[in-house]
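Take a look at the structure set out below.
Bear in mind that the values in this text are calculations on the coordinates, not laboratory data. Model, not experiment: these values are computed from the prediction. Methodologically, a virtual Cβ is constructed for each residue, glycine included, from the backbone with ideal geometry; neighbour enumeration extends over all protein chains shown.
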Amino acid sequence: MKILLVEDETKMAQLISRALKEDIHSVAVAHTGPEGLDLINSETFDLIILDVMLPGITGFEVATRARKRGTKTPILMLTARDAVPDIVAGLDAGADDYLTKPFSLAEFLARVRAIARRGPLSHAAQLKFNDLVLDPATHEVNRGGRRIDLTKKEYMLLEVLLRQAGRVVQRDHIIDAVWSNEESVENNTLDAFISSLRNKVDGRSATKLIRTIRGVGYRIG
Ligand code: CA
């Protein structure tokens with residue numbers, strides 16, 4: 001594969017690029033956000049590996065601008081910490097997968113191979129559970145083929161739950177992911193949004209998908 005690596009830390013860039021070359025990939029390295037974006041706009045890559053914290057513009061911004069220009073190349077985002085808002089922001093910006101630093105090179109190469117197998121367009125992969133479908137590419141939500149209109153916050157809330165379908169998502173994680181930019185969130189705000197989301201998603205179906213795990217959080221399925 002022809003891979004673009006956008007990473008400002010020289011040592012990290014060398015380490016990753018060497019490992020990729022040993023795994024028989026060709027690698028171009030950019031050290032700033034704008035430099036990365038220039039390369040994305042002028043050449044075609046099979047995979048883009050994007051650090052979040054970059055000089056110039058962030059990795060989120062690079063991904064958003066690349067997707068806006070129609071780049072369908074898979075993006076693997078490297079996030080500095082295991083923060084839910086970072087991960088959600090990265091996936092929202094159009095990343096296909098993320099890896100939290102520090103990571104092992106073996107795991108990194110395994111992720112690269114997995115993304116390569118999926119091929120282009122995978123960023124449009126829909127999130128599904130039962131008859132509920134959320135499309136991150138179009139922000140459309142359907143249940144049993146019926147379109148569900150959600151507000152921005154309801155959509156974000158549903159996406160956080162669907163990405164972890166089958167698992168309990170803790171209240172704090174949800175609040176971090178959906179209300180991270182706001183100074184304070186009333187304790188009952190989440191409950192109110194869950195209630196309206198539940199109304200729209202489960203209101204007309206016999207099978208209820210959004211479950212409350214009292215005192216802990218919420219779960220789909
Ligand atoms: Ca960095």
Point-to-point label distance, Asp191-Met1, nm (Cα→Cβ direction, 7 Å offset): 4.6 nm
Reachable lysines, given that their alpha-carbon falls under 29 Å from the alpha-carbon of Lys21 and they are not under 8 places away in the same chain: Lys2, Lys11, Lys72, Lys101
Net charge contributed by nearby residues that have their C-beta within less than 12 Å of Arg214 (K/R +1, D/E -1): +2
Rg(Cα)/(2.2 N^0.38 Å) for the range 2-118, N = residue count: 0.94
Cα-Cα P(r), the range 127-220, percent of pairs per 5 Å interval: 2, 13, 28, 27, 18, 9, 2, 0
Ala19-Met53 FRET efficiency (beta carbon distance; Förster radius 30 Å; 0.05 resolution): 0.90
Proxy reagent accessibility, fewest Cβ within 10 Å first, across Glu9, Glu43: Glu43, Glu9
Simple label model, 7 Å out from Cα along Cβ direction - Phe103 to Asn130, nm: 3.3 nm
Relative counts (whole %) of C-alpha pair distances in the chain, using bins that are 5 Å wide: 1, 6, 14, 17, 17, 14, 11, 9, 6, 3, 1, 0
Residue-wise HN-Hα coupling along the range 110-115, computed from phi with Karplus coefficients 6.51, -1.76, 1.60 (Hz; x: Gly, Pro): 5, 5, 4, 5, 5, 5
